[in-house]
Every structure is written in C-alpha cells, then in structure tokens.
Amino acid sequence: MSHNEKRENLAERYFLKIVGPWIEFPPKFFRKTFLRGVFRILQQEHHRRVYLTFDDGPIPECTPWLLDTLDRYGIKATFFMVGDNVRKHPELYDEVIRRGHRVGNHTMHHLNSLKVGARRYIEDVKEAARYIDSDLFRPPHGWMPFLYTAHICQSYSIIMYDVVTRDYSKYVSAQRVVENVKKYARPGSIIVFHDSLKSREKLEYALPRCIEWLQREGYEFSIIEGRPHHRRSRLWRR
C-alpha cells in the first residue's frame, strides 16, 4: 500500500469513527428529512417486536445460509432485493417467498441516488419491479432526495431503518455488529443486515448471537407489512 493510500485509509477510518454512531442509529433530524419513510414500527403496550431485514441479495453464496439460519430459530424476515440479482437467481427469490419471508424492491442495479438523476433512478426501480413483486421499497445506501421519494411513495411504502448493524464495513468487526444490535435495538426496531459476500463472514458469527440475545431479552420477530392502500397508518412511526 502506498503512502497516499495509507493516508486515505486513515482519513476514512477517522471519518467513519465520527459518523459511525449516526449511521448505526440515525438521529432525529435525519429521520425528519424522510417524512414518508418508516424507521420504526409502533408497538402495542407490552409488545416487544423487532423486524430483521436483509439487503442486496439474493446470492447463492449467502442467501441459502441465511434462510437455513432463520429457519433454525423459527424467524421470518424481510429481504430487500436487487433486481439484477433476482434476474440471475430467480430460484433463490422463489425460495425466500416459499419459506414465508417478505421481499422488497432495492432497485435493479443498487443505484446511489446521489450519482444518478431522478429519471434514471425511478426507471431502475420500475425495472426491478418486473422481477420483485412487492409494495415495499428501500433506497440503496440509505438515502434519496425528496423528489425521488415523492414519486416512489405513490407506489411503495418506503422502509428505512432504526438500527444499521454495519456488517458490510471493513472497519467493523463481527463482535461490533453484535454490540450495535445490543446497544440500539428497542421495541419496533427495523434492523438492517446484508445478504452479501462482504457481510457473509461477519453474519456467520453475529446473526445467531444477535438473534439469541434478542430472544433472551423477550423480543419477537416479524416481517414488515405494506401499508393498506399505501396510506399512512398509525402503526408506522419514526
């Protein structure tokens, strides 16, 4: 690694150390920028329920293991899928649904809304809809401008997140993934893991430990349901 690469790596580490907590548990001001987004689901009194979600699949290297692990604990989850991965692996899409999980649209090509225009982004969502039958949508990279949101919310419930485990980050250990869940999970939390190659090794360590800790704390698990007629419901909140 060259001197410049080491310096850039150090700067990135320092930046993520500062903003990491904001990524893991989005602050109120960020949540307020997504008036149409769902970060957390209101619970009835005494209910302790969380919602596990997995982004970026399906892929043969990770999705089957995830499904078997969730089956072992009797848990149903919500998978936000990339349309191009579903196109490549339709049998995995079918298997996720067959096992009783919910799916959501995560665009066709995992687009970053900061790097493409609204027209291309929205067309990418529509293309993904050819492969993913769902009224749930989550923006890749966890954000999109208001113009995109205003259009997409006409057809989808926009599902954001209450806890981001950061299982994808090369700067976050598998133990830190577990600690993030323990630190931030609360009744109604929508928790983000990833169905991806760069998360697989950490998932093998962290996911069972996270599930077992949540169970010991009295949490139940559920899939995310779409809003009736895509209208705001009292069951949804930030």
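The values are calculated or read from the model by the stated rules, or taken from the named source; none is laboratory data. Just so you know, these numbers come straight off a predicted model, no measurement behind them. Here Cβ is always computed from backbone atoms with ideal geometry, including for glycine, and neighbour counts include all displayed protein chains.
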Next on the checklist: Condition first: more than 15 Å from the chain's Cα centre (by Cα), farther than 22 Å from LEU42 by Cβ and surrounded by 18 or more Cβ atoms within 10 Å (Cβ to Cβ). Can you find one or more residues in the stretch 182-191 that meet it?
Outcome noted: no
Checklist entry - Do we find a residue being under 16 Å from ASN85 (Cβ atoms) and in contact with a helix residue (DSSP H, G or I) (Cβ under 8 Å, 6 or more places away or on another chain) anywhere in the stretch 148-168? => result yes
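Here is a yes/no grid of residues against (1) more than 30 Å from TYR73 (Cβ to Cβ); (2) of a type in the set (Asp, Glu); (3) in contact with a strand residue (DSSP E or B) (Cβ under 9 Å, 6 or more places away or on another chain); (4) in a helix (DSSP H, G or I):
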{"residue": "VAL96", "(1), (2), (3), (4)": "no, no, yes, yes"}
{"residue": "GLY100", "(1), (2), (3), (4)": "no, no, no, no"}
{"residue": "GLY104", "(1), (2), (3), (4)": "no, no, yes, no"}
{"residue": "MET108", "(1), (2), (3), (4)": "yes, no, no, no"}
{"residue": "ARG120", "(1), (2), (3), (4)": "yes, no, no, yes"}
{"residue": "GLU123", "(1), (2), (3), (4)": "yes, yes, no, yes"}
{"residue": "ASP133", "(1), (2), (3), (4)": "no, yes, yes, no"}
Checklist entry - Among the numbered criteria (1) farther than 20 Å from ASP84 by Cβ; (2) part of a helix (DSSP H, G or I); (3) in contact (Cβ under 8 Å) with a residue 40 or more places away in the chain, which single criterion is violated by ALA128? => result (1)
Checklist entry - Residues in the stretch 159-173 that are surrounded by fewer than 21 Cβ atoms within 10 Å (Cβ to Cβ) and either of a type in the set (Phe, Trp, Tyr) or in contact with a Leu (Cβ under 8 Å, 6 or more places away or on another chain) (or both): how many? => result 3
Checklist outcome for this item: A careful count of residues in the stretch 59-111 that are crowded, with 19+ Cβ neighbours inside 10 Å and free of Cβ contacts under 8 Å to residues at least 40 places away in the same chain gives 10
Checklist outcome for this item: Subset of the stretch 144-158, residues in a helix (DSSP H, G or I) and either of a type in the set (A, V, I, L, M) or surrounded by fewer than 18 Cβ atoms within 10 Å (Cβ to Cβ) (or both), comes to PHE146, LEU147, ALA150, HIS151, ILE152
Checklist outcome for this item: Condition set among the aliphatic types (A, V, I, L, M) and within 16 Å of the chain's Cα centre (by Cα), scope the stretch 27-43, selection surrounded by the fewest Cβ atoms within 10 Å (Cβ to Cβ): answer is ILE41
Checklist outcome for this item: Exactly one of ALA150, ALA129, ALA118 is of a type in the set (Gly, Ala, Ser) and within 20 Å of PHE39 (Cβ to Cβ), and that one is ALA150
Item to check | Conditions (1) crowded, with 22+ Cβ neighbours inside 10 Å; (2) modelled with pLDDT under 95; number of the one not met by LEU114 | outcome: (1)
